[in-house]
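Data block below; observations after.
Bear in mind that the values in this text are calculations on the coordinates, not laboratory data. Keep in mind that this is a model prediction, so the values were computed, not measured. Please note: Cβ atoms are built from the backbone with ideal geometry, for glycine as well, and neighbour counts cover all protein chains shown.
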Amino acid sequence: MSKIVKTITSLVSLPIIVFGLYIISHGHLTPGGGFAGGAIIATFITLLAVAFGKEITGRNLSKQLLLLSESLGILTFIILGFFGLSSTFFYNFLANSGEIFGRTILFGLNPGYINSGGMIPLMNLAVGLEVFSALSLIILLMSKEND
């Protein structure tokens, strides 16, 4: 790949990751969330695989690491669902609790308080990790760079 492609990939990598994390963390306030943010961050891995090939992806990413992080993401999501089981499965027990992620909105629309979603931001993080790991694993297996 040319130096131009590698340079542009290096320049846009950090903004792609930051934008994906922004979409994940603001999923309870704006359109987006864990799936969209995880897919955005997985495009970073795709870009690395296209621009650098085995130089980066084969050396730094392993199938076992991605399988482990995918399993961790889905397991975290399911465990969060069980935490609210005293009422119902996936009950948002952190909402309006006054603790972390439980800021109470007194009346009307949420003016953008990030810590007001209860369990939803935590679930978005878990889904984002799972989607990022799964899509990155698919990209690495399809590129046949990690045989």
I want to confirm something. Restricting to region 22-74 and keeping residues that are in contact (Cβ under 8 Å) with a residue 60 or more places away in the chain and not in a helix (DSSP H, G or I), which single residue is nearest to ASN92 (Cα to Cα)? HIS28
Here is a list of conditions, (1) of a type in the set (S, T, N, Q); (2) surrounded by 18 or more Cβ atoms within 10 Å (Cβ to Cβ); (3) more than 19 Å from ILE138 (Cβ to Cβ), and THR57 meets all of them except one; can you say which number that is? (3)
Please determine whether any residue of region 31-41 is touching a His at 6+ places or on another chain (Cβ under 7 Å) and either exposed (fewer than 13 other Cβ atoms within 10 Å of the Cβ) or closer than 23 Å to ASN115 by Cα (or both). yes
